[in-house]
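The values are calculated or read from the model by the stated rules, or taken from the named source; none is laboratory data. It should be emphasised that the depicted structure is a prediction, and the values quoted were computed from it without experimental measurement. Quick reminder, even Gly has a Cβ in these numbers, built from the backbone with ideal geometry, and neighbours come from all protein chains shown.
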Ligand SMILES: Nc1ncnc2c1ncn2[C@@H]1O[C@H](COP(=O)(O)OP(=O)(O)OP(=O)(O)O)[C@@H](O)[C@H]1O
Ligand SMILES: [Mg+2]
């Protein structure tokens, strides 16, 4: 029935700097099924991209994965030799980046950038790889594929570049497709087209998708399950419908109230006061306590674990009994 | 692109023309009379006058210049005052030495500099990087004539097979090319490292890695090619100084190159030789800069497009 393509358990990433060890991703766990999408939301800097880097074993120095396990199709990636990892990246697990303007090599034609990805993983001729690349360019809805094949990124618009990045990610039919804010840098109409394209891909290729965004509206459209992150921790993990029907964590509630059009009554935009704490000055208790309207003495002194039921996990003491807490 | 090329060539011609005027008049205005030098201190004024007349030096300067430049355009650079040989043949001989020395030295410099720069960048911050960069700073700070003398003493005098003067045998290239090459290798290494580091942090390198490309391909195809532009600039500047003749190195190793030729003949006021030499060097510099511009466009298609880099 449902087939697990990726399982992440207790993944932690930390940066080892002169100011000390900065925990950046803290004990993240989830499993991803074939043809499903897991959404990851959270404010800027909460560790979404670092989670991705941790999964791909590509955390930049001075950071590294400090614990946990990442199993891709049953194979452990943590501690796998770099050569073998390279064989997985771009073929079994592929990544679409946040920044289409800078994530392509400015000096290489788009066609080559796709075909070199194919050639890195398959023993076929250059001509065959080029043919397949051309076909992919067509598949992601680019008009005049031959022309674009021979274009360098500088000749294309942001939306077109992102399609090239997507074609590149797809070229070896990955089991897992990670989209790290794929539409943040694009304008709204292009954004809608790209989102539809990603959903088509999920359907046609059967890939499991990890979709990262800080846009709750987009999450609602794209995700099956949603993981809400705050300061490197998962604070809520639940099916998307339940997330919007009954958000339990005060942070999630805040994020939902931030969506334009979801405002309570007066039409004024809601904002969550304060900002994500610096990693070298984390509060002693719950990481969200300094910004939480419900914070108690206990929240400030003690850090909550991931509580609630298996179907709806929340990192908040208010949910300790496992039952939902009424939205106030 | 074609239009751009035409513009560049015209500009180059203009620059050369200006240089020819400036050198000509400066050489003729600075004090020191070649004829007085030629005939000795207590020469007969009448004799001096005759020689000046024979050499065409009594004509108005502007006329002399016009005669010289028309000659130059048709390949006749005149005759040396002192050696009575055509300037062009003297230049060919001297430039031959300088060009051979420059080519071999710079090949050494490129091979060393690029590999050191790349290796240092890939090892940023660790002991390998620090060692290589310390060497590079030493290489830039040590004057190459000093390195040359040190090499002569410690290698040349010890191994008889390695000559310390001239460029007769292939082995004779070793010491001068090392001493010259090391200095340039050091500056190439530094710019390569800096440029590589800048590229390494860019998103598309992360893409290359996420695509599962081999380390080798990521470094050579994606990093290095994108790091090339600043390196080409440095290479262009280096080559122009090399072709003007590395006077000190040439004199330490007793190589009769452009540097030696120009210095000798400036002291003697052998104006046609100096004028011809300066023009050849200037033409070469202009050509190198033109080549550098073309290389930029070849490496980075965005420049051809007038694009966004
Ligand atoms: N070189 C570094 N040294 C120390 N900490 C770092 C370093 N690089 C990243 N971090 C940490 O990683 C965090 C950024 O995480 P990440 O890039 O995953 O955020 P994000 O959720 O993807 O944000 P965005 O929405 O802006 O992409 C920072 O808050 C910082 O604490
Ligand atoms: Mg990010």
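So, restricting to helices (runs of 4 or more DSSP H) that lie completely within region B:75-169, which ones have at least 1 residues that are closer than 30 Å to residue B:265 by Cβ, without any contact (Cβ under 8 Å) to a residue 60 or more places away in the chain and under 24 Å from the mean Cα position of the chain (by Cα)?
B:87-122, B:144-151
Do we find that residue B:276 is assigned to a helix (DSSP H, G or I), more than 14 Å from chain A (Cβ to nearest Cβ), at pLDDT 90 or above and within 30 Å of residue B:165 (Cβ to Cβ) in this structure?
yes
Within region A:286-295, can one find any residue that is at pLDDT 90 or above, surrounded by fewer than 18 Cβ atoms within 10 Å (Cβ to Cβ) and out of contact with any strand residue (DSSP E or B) (no Cβ under 9 Å at 6 or more places or on another chain)?
No, region A:286-295 has no match at all.
Which one of A:190, A:240, A:176 is more than 14 Å from chain B (Cβ to nearest Cβ), under 17 Å from the mean Cα position of the chain (by Cα) and either within 16 Å of ligand 1 (Cβ to nearest atom) or more than 26 Å from residue A:299 (Cβ to Cβ) (or both)? Step through it out loud before you land on a result.
Details: A:190 fails: under 17 Å from the mean Cα position of the chain (by Cα); A:176 fails: more than 14 Å from chain B (Cβ to nearest Cβ).
Of the residues listed, the single one that is more than 14 Å from chain B (Cβ to nearest Cβ), under 17 Å from the mean Cα position of the chain (by Cα) and either within 16 Å of ligand 1 (Cβ to nearest atom) or more than 26 Å from residue A:299 (Cβ to Cβ) (or both) is A:240.
So which residues in region B:190-221 are under 20 Å from residue B:297 (Cβ atoms) and within 13 Å of another protein chain (Cβ to nearest Cβ), if there are any at all?
B:199, B:221
Looking at residue B:249, is it crowded, with 21+ Cβ neighbours inside 10 Å and more than 9 Å from chain A (Cβ to nearest Cβ)?
Working: crowded, with 21+ Cβ neighbours inside 10 Å: yes; more than 9 Å from chain A (Cβ to nearest Cβ): yes.
Against the criterion (crowded, with 21+ Cβ neighbours inside 10 Å and more than 9 Å from chain A (Cβ to nearest Cβ)), residue B:249 qualifies.
Kindly indicate whether any position in region B:282-296 is part of a helix (DSSP H, G or I), within 14 Å of another protein chain (Cβ to nearest Cβ) and without any contact (Cβ under 8 Å) to a residue 12 or more places away in the chain.
Here is the first cut: in region B:282-296, the ones part of a helix (DSSP H, G or I) are B:282-296.
Among the residues that remain, those that are also within 14 Å of another protein chain (Cβ to nearest Cβ) are: B:295-296.
Now narrow it down to the ones that are without any contact (Cβ under 8 Å) to a residue 12 or more places away in the chain: none.
Checking region B:282-296: not a single residue is part of a helix (DSSP H, G or I), within 14 Å of another protein chain (Cβ to nearest Cβ) and without any contact (Cβ under 8 Å) to a residue 12 or more places away in the chain.
What is the residue count in region A:55-77 for residues that are more than 16 Å from ligand 2 (Cβ to nearest atom), within 14 Å of residue A:10 (Cα to Cα) and not in a strand (DSSP E or B)?
1
Go through region A:22-54 and give me each residue that's touching a strand residue (DSSP E or B) at 6+ places or on another chain (Cβ under 7 Å), within 11 Å of ligand 1 (Cβ to nearest atom), touching a residue at least 60 places away in the same chain (Cβ under 8 Å) and not in a strand (DSSP E or B).
Answer for region A:22-54, where residues must be touching a strand residue (DSSP E or B) at 6+ places or on another chain (Cβ under 7 Å), within 11 Å of ligand 1 (Cβ to nearest atom), touching a residue at least 60 places away in the same chain (Cβ under 8 Å) and not in a strand (DSSP E or B): A:42, A:46, A:47, A:48, A:49, A:50, A:51, A:52.
Sort through A:69, A:91, A:103 and tell me the only one that's more than 16 Å from ligand 1 (Cβ to nearest atom), modelled with pLDDT of 90 or more and within 8 Å of chain B (Cβ to nearest Cβ).
Going through A:69, A:91, A:103 in turn, just one is more than 16 Å from ligand 1 (Cβ to nearest atom), modelled with pLDDT of 90 or more and within 8 Å of chain B (Cβ to nearest Cβ): A:91.
Test residue A:195 against the stated conditions and say whether it is modelled with pLDDT of 85 or more, away from ligand 2 (no atom under 16 Å from the Cβ), touching a helix residue (DSSP H, G or I) at 6+ places or on another chain (Cβ under 9 Å) and more than 14 Å from chain B (Cβ to nearest Cβ).
Yes, satisfied.
Exactly one of these conditions fails for residue A:241: (1) away from ligand 2 (no atom under 16 Å from the Cβ); (2) modelled with pLDDT of 90 or more; (3) outside the structural domain of residue A:42 (by TED's automatic domain parsing); (4) in a helix (DSSP H, G or I). Give me its number.
All conditions pass for residue A:241, except number (3).
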